Amino acid sequence: MRLLETVAVHEHGAPAKQLARETGLALPTAYHLLRTLVHEGYLRRDRGLFFLGDAAERLSSSGAQQKRRSTVTDTLARWRDAVGVPVYYAVYRDGEIGLIGVADTPASPAVEEWADFRETAHAHALGQCLLAQLDDAARRDHLDRYPVRPVTPYTVRDAASLLRRLERVRETDVVIERQEYALGTVCAAIPLRVGAAAASVAVSLPVHQADRLLPTIQRLQAEMRCLLGSLALSISI
């Protein structure tokens with residue numbers, strides 16, 4: 001690891017003797033480790049100089065992605081603590097809905113994904129909020145692939161009704177969904193305007209606390225204004 005860190009410092013490469021000296025390794029040991037790292041793809045050798053290899057670059061990329069995921073997790077947890085209910089974060093990418101993160105507690109658990117989340121965008125608040133952010137062609141393409149169907153007795157009944165609802169969502173920026181995805185649960189979602197991807201954040205409550213739903217999502221909007229920058233990179237996950 002010290003050899004990798006030292007090579008990374010030398011943008012234009014460094015010879016084995018210099019790397020051994022800077023890492024405090026015996027030259028034979030440094031040679032042995034360098035050959036192994038080259039063989040495994042973590043380093044590459046060119047004209048006696050060592051550079052980071054493709055495997056090291058992939059390792060760095062994975063680390064950056066993990067850091068972004070950690071940022072999402074921490075941010076959602078902070079929002080959950082601020083509003084006192086489960087918080088969900090989803091994005092729409094390459095024609096599919098992806099649930100990126102959920103923050104809940106044992107006392108206030110998240111809604112169980114009992115019906116495939118990607119196929120039921122018409123039934124849950126996050127999905128409706130994401131579809132509302134798409135252009136008409138992309139929205140209709142999604143509904144052609146995942147047709148509107150009943151999930152509960154309260155689910156929107158047909159594509160025409162859903163499309164009319166989505167047009168209204170564009171005006172209010174808030175989706176309110178009552179028992180359309182899960183009986184006994186109400187949800188609210190708002191768009192997250194970061195980058196070019198469609199994204200959304202939502203909250204859920206038991207149906208007997210439905211009167212808290214709008215105040216809760218409004219409070220979440222206020223919290224999001226304070227921490228929006230912390231989720232900026234998460235869209236690229």
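When you look at residue 132, is it surrounded by 19 or more Cβ atoms within 10 Å (Cβ to Cβ), assigned to a helix (DSSP H, G or I) and without any contact (Cβ under 8 Å) to a residue 60 or more places away in the chain, yes or no? Quick ask: steps written out before the conclusion?
On the way: surrounded by 19 or more Cβ atoms within 10 Å (Cβ to Cβ): yes; assigned to a helix (DSSP H, G or I): yes; without any contact (Cβ under 8 Å) to a residue 60 or more places away in the chain: yes.
When the stated conditions are applied, residue 132 passes them.
Evaluate the following for residue 223: is it more than 24 Å from residue 94 (Cα to Cα) and open to solvent by 10 Å² or more (accessible area, probe 1.4 Å)?
Details: more than 24 Å from residue 94 (Cα to Cα): yes; open to solvent by 10 Å² or more (accessible area, probe 1.4 Å): yes.
Considered against the rule, which asks whether it is more than 24 Å from residue 94 (Cα to Cα) and open to solvent by 10 Å² or more (accessible area, probe 1.4 Å), residue 223 comes out as yes.
State which residue is modelled with the lowest pLDDT when the search covers only the range 135-152 and only residues that are part of a loop (DSSP other than H, G, I, E, B) and either within 22 Å of residue 173 (Cα to Cα) or touching a Cys at 6+ places or on another chain (Cβ under 6 Å) (or both). Talk me through it step by step, then tell me what you get.
First, pick out the residues of the range 135-152 that are part of a loop (DSSP other than H, G, I, E, B): 135, 146-152.
Restricting the remaining residues to those that are either within 22 Å of residue 173 (Cα to Cα) or touching a Cys at 6+ places or on another chain (Cβ under 6 Å) (or both) gives 135, 148.
Numbers: 135: 91, 148: 96.
Result: 135.
Output the number of residues of the range 1-42 satisfying the condition of being of a type in the set (D, E, K, R), touching a Ser or Thr at 6+ places or on another chain (Cβ under 9 Å) and closer than 22 Å to residue 58 by Cα.
Looking only at the range 1-42, we keep the residues that are of a type in the set (D, E, K, R), and these are 2, 5, 11, 17, 21-22, 35, 40.
Add one more test, that the residue is touching a Ser or Thr at 6+ places or on another chain (Cβ under 9 Å), and what stays is 2, 5, 22.
Cutting the leftovers down to closer than 22 Å to residue 58 by Cα gives us 2, 5.
Here the count works out to 2.
State which residue is most open to solvent (accessible area, probe 1.4 Å) when the search covers only the range 196-212 and only residues that are among the aliphatic types (A, V, I, L, M) and farther than 11 Å from residue 184 by Cβ.
Initially, the range 196-212 is screened for residues among the aliphatic types (A, V, I, L, M), giving 196-199, 201-203, 205, 207, 210.
Subsequent filtering for residues that are farther than 11 Å from residue 184 by Cβ retains 196-199, 201-203.
On the way: 196: 113, 197: 27, 198: 12, 199: 0, 201: 0, 202: 3, 203: 0 Å².
It comes out as 196.
Filter the range 85-124 down to the residues that are in contact with a Lys or Arg (Cβ under 9 Å, 6 or more places away or on another chain), of a type outside the set (Val, Ile, Thr) and open to solvent by less than 50 Å² (accessible area, probe 1.4 Å) and list them by number.
86, 95, 98, 101, 103, 108, 122, 123
What about residue 5, is it part of a helix (DSSP H, G or I), modelled with pLDDT under 90 and either among the basic types (Lys, Arg) or more than 30 Å from residue 100 (Cβ to Cβ) (or both)? Give the steps one after another, and end with the answer.
Working: part of a helix (DSSP H, G or I): yes; modelled with pLDDT under 90: yes; either among the basic types (Lys, Arg) or more than 30 Å from residue 100 (Cβ to Cβ) (or both): yes.
Yes.
Condition first: open to solvent by less than 60 Å² (accessible area, probe 1.4 Å), touching a helix residue (DSSP H, G or I) at 6+ places or on another chain (Cβ under 8 Å), at pLDDT 90 or above and assigned to a strand (DSSP E or B). Can you find one or more residues in the range 36-47 that meet it?
There is at least one residue in the range 36-47 that is open to solvent by less than 60 Å² (accessible area, probe 1.4 Å), touching a helix residue (DSSP H, G or I) at 6+ places or on another chain (Cβ under 8 Å), at pLDDT 90 or above and assigned to a strand (DSSP E or B).
List every residue pair whose Cβ atoms lie under 9 Å apart, where the two residues are 6 or more positions apart in sequence or sit on different chains, the first residue falls within the range 81-109 and is over 21 Å from residue 128 (Cβ atoms) and touching a residue at least 24 places away in the same chain (Cβ under 8 Å), and the second residue, located anywhere, is surrounded by fewer than 13 Cβ atoms within 10 Å (Cβ to Cβ) and of a type in the set (A, V, I, L, M).
82/222
Any residue at all in the range 127-148 that is within 19 Å of residue 184 (Cα to Cα), of a type outside the set (Val, Ile, Thr) and in contact with a helix residue (DSSP H, G or I) (Cβ under 6 Å, 6 or more places away or on another chain)?
For the range 127-148, residues within 19 Å of residue 184 (Cα to Cα), of a type outside the set (Val, Ile, Thr) and in contact with a helix residue (DSSP H, G or I) (Cβ under 6 Å, 6 or more places away or on another chain): absent.
The values are calculated or read from the model by the stated rules, or taken from the named source; none is laboratory data. Worth saying up front: this structure is predicted, and the values here are computed from it rather than measured. Ideal geometry is used to build each Cβ from the backbone, glycine not excepted, and the neighbour counts take in all protein chains shown. These accessible areas exclude ligands, DNA and RNA; they are computed on the full protein's heavy atoms, side chains included. Shrake-Rupley method; radii C 1.70, N 1.55, O 1.52, S 1.80 Å.
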